[in-house]
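Participant: Dumping the structure here so I can ask a few things about it.
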Amino acid sequence: MPLGPSRRTLLSAGVALPLAVLSTGCSNDAGARPGGGPVSAVSVQGLRRRTARDSTTLVARYEATERAHPALVEPLAPFRAVALAHLRALRDGGPPGPSGQPPEVPQAPADAVGALIEAERRIAEDRLAAVTEAPPELARLLASLAAAGAAQAQLLEEVRA
């Protein structure tokens, strides 16, 4: 009998925490940064757009991987759902940004999942770095999304195995 929660339970918790934070909304993100000075509404919108664009690219990578490797559709479904939830929260009801060219997907399934892991890690690191640019409400959202992305990357290792 395994000790502690299963990876699926952790994944569910990884989804629940950010979604709980997301459900609180960010009605007015203009204000003061965690580090001090004021932030304009324009820069906050730019940060949200840039972060949403990263999520759009990540969702496109999941979809391209699923098209290239149909056997991965089921194992990747919960991960793609989390990426979509993050995108919806960042878009705040606005239209999706341009997705550009579909990403290249490695031929080997393990390498394709590895590319997803790297994308999740990079985006999580970018979001964590952006926390210092954001006002408190958006900073909390970005920190939560960064934590969820890092968890996604770790849990995807099981899919790659």
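Participant: What FRET efficiency comes out for LEU84 versus THR132 if R0 is 35 angstrom and r is the Cβ-Cβ distance? Round to the nearest 0.05.
Facilitator: 0.85
Participant: A further question on this structure: Measure off 7 Å from each Cα along the Cα-to-Cβ vector at GLN107 and ARG50, then give the distance between these two points in nanometres to one decimal.
Facilitator: In this crude label model, GLN107 to ARG50 measures out at 3.8 nm.
Participant: Let me ask you something else. Roughly what would the spin-label model give for GLU118 and ALA77, points 7 Å off Cα along C-beta, in nm?
Facilitator: 2.9 nm
Laboratory data are not the source of any read-out in this text; all were calculated from the coordinates shown. Since this is a predicted model, take the numbers as computed values, not measurements. Glycine gets a Cβ as well: all are built from the backbone with ideal geometry, and neighbour counts include every protein chain shown.
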